[in-house]
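All remarks here apply to the structure that follows.
The values are calculated or read from the model by the stated rules, or taken from the named source; none is laboratory data. Given the structure is predicted, the values throughout are model-derived calculations rather than measurements. Ideal geometry is used to build each Cβ from the backbone, glycine not excepted, and the neighbour counts take in all protein chains shown.
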């Protein structure tokens, strides 16, 4: 079953605007990751946030995690047309095998 | 470094045929994973291998078998393909030291008629 649920399912913005995507999950987690998938390609890891962290930055990406609400958000600032892709959150519940459970994704379209 | 490679890229099968999807990684990762992705869905784990010599079922293992041939290679076999197995299949690898970060192959698009 899907652990994470992204919201919104689809988001369309103009270049230069910020994009915010949200992820909610059901059970306790060890860490949460965000991945990007360009159309027809494999997933690419963007950022990982541990359960004891509240915020993390990487370039134009900002991720927050609220374990009390079982939710995370991904903010992409100053978006570019090249950011057009699907974005997935993935959680793992601990253990050495690091099995990930993915959400259904948010399709982000950045219009030039 | 090629990363994670998958073959074939595309495949069309008839119901009942069998085939093996190949996956290899050159990053010396211990863990390897097979996922399927259906339209409008995220990835669902089929099987995984935490280390060479071990394999375990994921969320949707029915109709599939796997082999961890060595540290580099992890294959997925469909013994008798069904239309419900029409999907895009992704292989991934990961390292425990990277806290579960996974690296994905380009995918195999499989159609079962």
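Numbers below:
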read-out: Leading residue by the ranking (nearest to the other protein chains (Cβ to nearest Cβ)) among those in segment A:15-38 that are in contact with a strand residue (DSSP E or B) (Cβ under 7 Å, 6 or more places away or on another chain) and in a loop (DSSP other than H, G, I, E, B); value: A:30
read-out: Among (1) within 15 Å of the chain's Cα centre (by Cα); (2) closer than 30 Å to residue A:106 by Cα, the one test that residue B:55 misses; value: (2)
read-out: Unique match (being farther than 30 Å from residue A:106 by Cα, buried (at least 16 other Cβ atoms within 10 Å of the Cβ) and without any contact (Cβ under 8 Å) to a residue 60 or more places away in the chain) among B:68, B:44, B:77, B:36; value: B:68
read-out: Top-ranked residue in segment B:29-43 [being facing chain A (nearest Cβ under 9 Å) and more than 27 Å from residue B:1 (Cα to Cα); ranked as modelled with the highest pLDDT]; value: B:42
read-out: The lone exception for residue A:12 - which of (1) on the phi < 0 side of the Ramachandran plot; (2) more than 14 Å from every other protein chain (Cβ to nearest Cβ); (3) part of a loop (DSSP other than H, G, I, E, B) it fails; value: (3)
read-out: Qualifying position, being within 14 Å of chain A (Cβ to nearest Cβ) and either surrounded by fewer than 19 Cβ atoms within 10 Å (Cβ to Cβ) or part of a strand (DSSP E or B) (or both), among B:22, B:6; value: B:6
read-out: Yes/no for residue A:91 being in contact (Cβ under 8 Å) with a residue 60 or more places away in the chain, over 11 Å from the mean Cα position of the chain (by Cα), within 21 Å of residue B:103 (Cβ to Cβ) and crowded, with 17+ Cβ neighbours inside 10 Å; value: no
read-out: Any chance residue A:29 is under 25 Å from residue B:36 (Cβ atoms), at pLDDT below 90 and either surrounded by 15 or more Cβ atoms within 10 Å (Cβ to Cβ) or in contact with a helix residue (DSSP H, G or I) (Cβ under 7 Å, 6 or more places away or on another chain) (or both); value: yes
read-out: Filtered residue count, segment B:57-113, keeping only those that are more than 14 Å from every other protein chain (Cβ to nearest Cβ) and part of a loop (DSSP other than H, G, I, E, B); value: 12
read-out: Flag if residue B:103 is within 13 Å of the chain's Cα centre (by Cα), surrounded by 22 or more Cβ atoms within 10 Å (Cβ to Cβ) and within 15 Å of residue B:32 (Cα to Cα); value: no
read-out: Some residue of segment A:39-46 being part of a loop (DSSP other than H, G, I, E, B) and either under 18 Å from residue A:93 (Cβ atoms) or in contact with a helix residue (DSSP H, G or I) (Cβ under 8 Å, 6 or more places away or on another chain) (or both); value: no
